[in-house]
Amino acid sequence: MAVAGKKSKIAESRQAQQQLKAELLKNESVKKTNTLLALLIAFAAIVLYGNTLNHGFVLDDYSVILENTVTQQGVKAIPEIFSSSYRSGYTLSTDELYRPLPKSIFAISWQLFGDNPLPLHLLNILLYAITGFILFRFCLRLFNHQLFAFATSLLFIAHPIHTEVVANIKSMDEILSFLFCILSARMLFVYYSNGKLSSIILAALFFLTALFSKESSITFIAIFPLLIILFKPEVSKQKKSHSATLAIGLFAAVTLFFLLIRYSILSKLPSGDPSVADNLLMAAKSFDQRFATAVLILGMYLKLVFFPHPLIFDYSYNQIPLTGLSDFGFILSLLIYVALFVYAIWSFKKYKLISFGILFYLISMSIYSNIFYIIGSSFGERFLYTAVFGICVVVGYLCTLIASPEKSFSLKDFIFKNKNVLIPVFIVTVLFSVKTMARNEVWKSNYTLYSNDVLLAPNSTRTHYYLGNYLSKDINLKGKTAKEIDSIQLVALAELKKSVDIYPFGDAYNQMGIIYNKRKDYQNSFESYQKAIEANPSDAVVYNNLGSLYFNTGKVKEAQEMYEKAIKYNPNYPDAIMNLGSTYGMKQEYDTALSYFFKAIKLNPNLAQAYYYIGITYRYKGDENNAETYIAKAAQIDPQKFGSAK
């Protein structure tokens, strides 16, 4: 009997070992399947945006890269980037943005690749693919269901609303912000699983990196507690060492640290309300009108989440007309958002994922709503980039309600078990993908973007301005005959006139002044600059251009006054400083002229015209050695313009 009992125990032990081994093999198979599904999401991102690799610099890429003198200093500018505003180095005199991480990446790219946009487009795609991979893993942490994680992350990655972010280099700030926020949230879950202090510290560092990427990451300070309240019991056994107070305290400390740095830098700069051209809500005649229009716009955002067509890069004044409290669109939008909030609170414990998804969307959009405070823009498709994830969570969870709860041990098994749900998910994904890839082509260049979207947003003052401004640029007139140039300039003027007919937009009047000046129509040029100043009395660029008009017509004294005004409104404006130096050169005050020229090249080391002026000034002073040195430097920077200069 003893022998029989011993054999029985041995058999039971072997059976238990075999069961454990089988369970481990199953778990390993599930892990491999999960990794494969995550890689498929990343691969989908690469396929969707592969057609952007041959794109150029577009739209805001100019202000932070192609025409930014700080970025173009390369790696050595990184300390300055972390101690200055986002668009420092561009001609804007005001800037209330602080995003040093993406700008540092742009500076590194400029150091390595110059004005080649390919590496940055490739980096955008890779970061987006990594986001897809991490998002799938994060979704598994939220709800350990393969279909939920797959459907949620796939719909997010395929959504056409993201074209403005991924296809536009400048919007790397959005990608980095969301990616590091998700990494931070994932490490928060890890902390609640292992209780290690290093995990929550890493979560806080990821969050700080997100804040340095884009300020809107601050909304996660409300999302982190939401994650703890809703999902902590599902990812831990609530050990005493896991302190929510410590986690939230660290996130709050990181946020305060960032805000103090941001304030110390931006508080030194001039600030002001956004213009009507940038945020149409500034044209509202009452609080009621502003509120009603802001709520209507929130409804438009929600419409684009479910029906992303048409997609437009600019919705400036007066593409979205101001409305009132009696407007049906406002009432419908208000009712939908109130219903979403009420349902999210009601389902807080019963349907955690639905509640989380809705609240995630509402919290993420709150910073862009223009309800609590006015931001620099009334509408932007890029503002939906993070928020869309919340809606995808809701849709992904609804998919699980009619799917198999069993885990899949292979990709084939996953598809077979979930085919009834995957078919509609794939249909939506294909439709999204077609729209995404088609929209990508529109973002290929400034011309393709502006000429396409001016038709979609004919009432936007900015779409007409952007097209007119682009057409009138010197680079687009090279190699053209006099007749062709005349024709292009007339088309550009027509677009700019449409812009100012919609709203007296200072930038449009300024560009009209430039075109008239080139056409030697000095009276219309002068009148256009005057109207630009009326629209924006502190625009340094307009004063600089008006100064050049005076200078070119022999009015040196008036030119000097305008250049001095330009520098008053933007003390670090290298072109105006250089031009002011040229007025002293005309008065034969060569040493004073040189001091301004040298200040200009210190601010913009690639300002070839300033080097040329230095050379000419030294020649007037009889210093031929320095004259030849600086003229040669001008030719080195801009061989087309100064290559034959002596």
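The values are calculated or read from the model by the stated rules, or taken from the named source; none is laboratory data. The model shown is predicted, which means the values in this text are computed figures rather than measured ones. Note that we place each Cβ from the backbone using ideal geometry, even for glycine, and neighbour counts take in every protein chain shown. Heads up: the accessible areas ignore ligands, DNA and RNA and are worked out on the full protein's heavy atoms, side chains in. Shrake-Rupley method; radii C 1.70, N 1.55, O 1.52, S 1.80 Å.
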Per the filter on the stretch 467-487, residues open to solvent by less than 40 Å² (accessible area, probe 1.4 Å) and either within 15 Å of residue 59 (Cβ to Cβ) or part of a helix (DSSP H, G or I) (or both) are 467, 468, 469, 471, 476
Scanning the stretch 567-581 for residues that are assigned to a helix (DSSP H, G or I) and farther than 21 Å from residue 614 by Cα gives 568, 569
Residue 137 is checked against (1) surrounded by fewer than 21 Cβ atoms within 10 Å (Cβ to Cβ); (2) out of contact with any helix residue (DSSP H, G or I) (no Cβ under 7 Å at 6 or more places or on another chain) and fails just one. What number does that condition carry?
(2)
Hey, could you check the stretch 33-47 for residues that are open to solvent by less than 10 Å² (accessible area, probe 1.4 Å) and at pLDDT 95 or above and say which is nearest to residue 166 (Cα to Cα)?
45
For the stretch 523-544, what are the residues that are in contact with a Ser or Thr (Cβ under 9 Å, 6 or more places away or on another chain) and closer than 13 Å to residue 569 by Cβ?
536, 538, 539, 540, 541, 544
Within the stretch 204-223, restricting to residues that are over 25 Å from residue 124 (Cβ atoms) and among the small types (Gly, Ala, Ser), the one that is most open to solvent (accessible area, probe 1.4 Å) is 222
The lone condition residue 344 fails out of (1) touching a helix residue (DSSP H, G or I) at 6+ places or on another chain (Cβ under 8 Å); (2) within 27 Å of residue 439 (Cα to Cα) is (2)
Lone qualifier among 544, 459, 452, 524 - being over 30 Å from residue 47 (Cβ atoms), in a helix (DSSP H, G or I), open to solvent by 20 Å² or more (accessible area, probe 1.4 Å) and among the polar types (S, T, N, Q)
524
Taking the conditions exactly as written (part of a loop (DSSP other than H, G, I, E, B), more than 20 Å from the chain's Cα centre (by Cα), of a type in the set (Lys, Arg) and more than 20 Å from residue 219 (Cα to Cα)), does residue 350 satisfy them or not?
yes
Name every residue in the stretch 186-203 that is surrounded by fewer than 23 Cβ atoms within 10 Å (Cβ to Cβ), in contact (Cβ under 8 Å) with a residue 12 or more places away in the chain and small (Gly, Ala, Ser), in order of residue number.
193, 195, 199
Out of the helices (runs of 4 or more DSSP H) lying entirely within the stretch 374-446, which hold 1 or more residues that are within 30 Å of residue 283 (Cβ to Cβ) and open to solvent by 20 Å² or more (accessible area, probe 1.4 Å)?
384-400, 419-442
Flagged in the stretch 330-347 as open to solvent by less than 10 Å² (accessible area, probe 1.4 Å) and either part of a helix (DSSP H, G or I) or among the aliphatic types (A, V, I, L, M) (or both), in numbering order, are 333, 344
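Yes or no, residue by residue, for (1) closer than 20 Å to residue 575 by Cα; (2) touching a residue at least 12 places away in the same chain (Cβ under 8 Å):
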{"position": "606", "(1), (2)": "yes, yes"}
{"position": "610", "(1), (2)": "yes, yes"}
{"position": "620", "(1), (2)": "no, yes"}
{"position": "623", "(1), (2)": "no, no"}
{"position": "630", "(1), (2)": "yes, yes"}
{"position": "633", "(1), (2)": "yes, yes"}
{"position": "643", "(1), (2)": "no, no"}
Single condition residue 327 does not satisfy, out of (1) open to solvent by less than 30 Å² (accessible area, probe 1.4 Å); (2) over 20 Å from residue 278 (Cα atoms):
(1)
Within the stretch 583-611, tally of residues that are under 21 Å from residue 549 (Cα atoms), part of a helix (DSSP H, G or I) and more than 38 Å from the chain's Cα centre (by Cα)
5
Based on this model, can you work out whether residue 403 counts as hydrophobic (A, V, I, L, M, F, W, C) and under 30 Å from residue 321 (Cβ atoms)?
no
Which residues, counting only those in the stretch 586-619, are closer than 17 Å to residue 564 by Cα and either open to solvent by 20 Å² or more (accessible area, probe 1.4 Å) or at pLDDT below 95 (or both)?
586, 587, 589, 592, 595, 596, 598, 599, 603
May I ask you to verify whether residue 297 is aliphatic (A, V, I, L, M) and either at pLDDT 95 or above or crowded, with 17+ Cβ neighbours inside 10 Å (or both)?
yes
Considering only residues that are among the basic types (Lys, Arg) and assigned to a helix (DSSP H, G or I), which ones fall in the stretch 34-87?
76
